[in-house]
Amino acid sequence: MIRWIVFMLLIGCMAAQVAGAPAQAQEGAQGQASEQAPAAPPVAPAPATSGFPFDQFQEFSAIMVGSVLMGDEREGHIYRSGNLLRTQGTEGIGYFLIDLASFETYAFTRLGCTNDPHPYFRAFPFSASRPGRKIERVADGKESVDGHMCQVEDVTVSGGDLAMPMKLKLWEAEDLHGFPVKVEVLRGSRHSIIQYKDVVLGPVDPTLFVRQKHCGKGLPQPPEKKPAVRKKRAAPSAGKSQP
């Protein structure tokens, strides 16, 4: 009887070893494979969009509708070549050259040329990008504007010389390499809208940016009119009788 029990225990141990062998072999194969196969590299996050959207467009021409002023719907030509921006004056009077490096403005009207150390208001939003300011951009879906499919972005300009952050919403046309054809300036419940039509990307006629070497300070004044000199009538001669 004891021999029979011992015999059955031996058979059970052998069966257990045989049954466990495939599992151990499979685990060993998996372990070996995991040691040999290189680990998959982690997926890198998409790079954050940086920089001011208008900075990449150094050469273009367009028709600008509206301005940073609320309710402004006036149209005017606008051109850019490098750091020089040319805008048409309000009511079609003269034109302005803005240096986006120094932010000086040169005004040219029939009254002459004048220089001012501040950018002309129609230079906005190009003048919003300045050293020391921080740009944050957040994608906000897609919309169509004037037949252009656009990537919409919320742009915040802060830091530097700004007392408060500046918030903009831009519609960047995909068929114009991302040129913003619409800009909304957000000031709480008050908004102003700027749009760009007939955008042409590429070099602009350099003669549009020629300026005089010397310009006066302040607004040009009309030339002074000299008072008219009235001629005195000659006294009648004594020899002639009066009528």
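The values are calculated or read from the model by the stated rules, or taken from the named source; none is laboratory data. Nothing here was measured: the structure is a model prediction, and the numbers come from that model. In this analysis, Cβ positions are derived from the backbone assuming ideal geometry, glycine residues included, and neighbour counts consider all displayed protein chains.
Residue-by-condition table, conditions (1) surrounded by fewer than 12 Cβ atoms within 10 Å (Cβ to Cβ); (2) touching a Pro at 6+ places or on another chain (Cβ under 9 Å); (3) closer than 19 Å to Ala128 by Cβ; (4) not polar (S, T, N, Q):
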residue	(1), (2), (3), (4)
Met149	no, no, no, yes
Val157	no, yes, yes, yes
Asp161	yes, no, yes, yes
Asp175	no, no, no, yes
Ile193	no, no, yes, yes
Tyr196	no, yes, yes, yes
Pro203	yes, no, no, yes
Subset of the range 84-140 [in contact (Cβ under 8 Å) with a residue 60 or more places away in the chain, within 23 Å of Ser158 (Cβ to Cβ) and of a type in the set (Val, Ile, Thr)] = Ile135
Residue ID - surrounded by the most Cβ atoms within 10 Å (Cβ to Cβ), chosen from residues in the range 178-191 that are over 12 Å from Met70 (Cβ atoms) and touching a residue at least 40 places away in the same chain (Cβ under 8 Å) | Pro180
Within the range 109-166, count every residue that is under 14 Å from the mean Cα position of the chain (by Cα) and either within 30 Å of Gln212 (Cβ to Cβ) or in a loop (DSSP other than H, G, I, E, B) (or both).
-> 8
Exactly one condition in (1) of a type in the set (A, V, I, L, M); (2) part of a strand (DSSP E or B); (3) modelled with pLDDT under 75 is not met by Val18; state its number.
-> (2)
Pro203: modelled with pLDDT of 95 or more, within 15 Å of the chain's Cα centre (by Cα) and not in a helix (DSSP H, G or I), yes or no?
-> no
Does the range 108-119 contain at least one residue that is under 24 Å from Glu184 (Cα atoms) and buried (at least 16 other Cβ atoms within 10 Å of the Cβ)?
-> yes
Hits in the range 163-173 - residues which are under 24 Å from Lys134 (Cβ atoms) and crowded, with 16+ Cβ neighbours inside 10 Å = Met166, Lys167, Leu168, Lys169, Leu170, Trp171, Glu172
List pairs: first in the range 60-78 and among the aliphatic types (A, V, I, L, M), second in a loop (DSSP other than H, G, I, E, B), Cβ under 8 Å, 6+ apart or cross-chain?
-> Val65/Glu73; Val65/Arg74; Val68/Phe124; Val68/Pro125
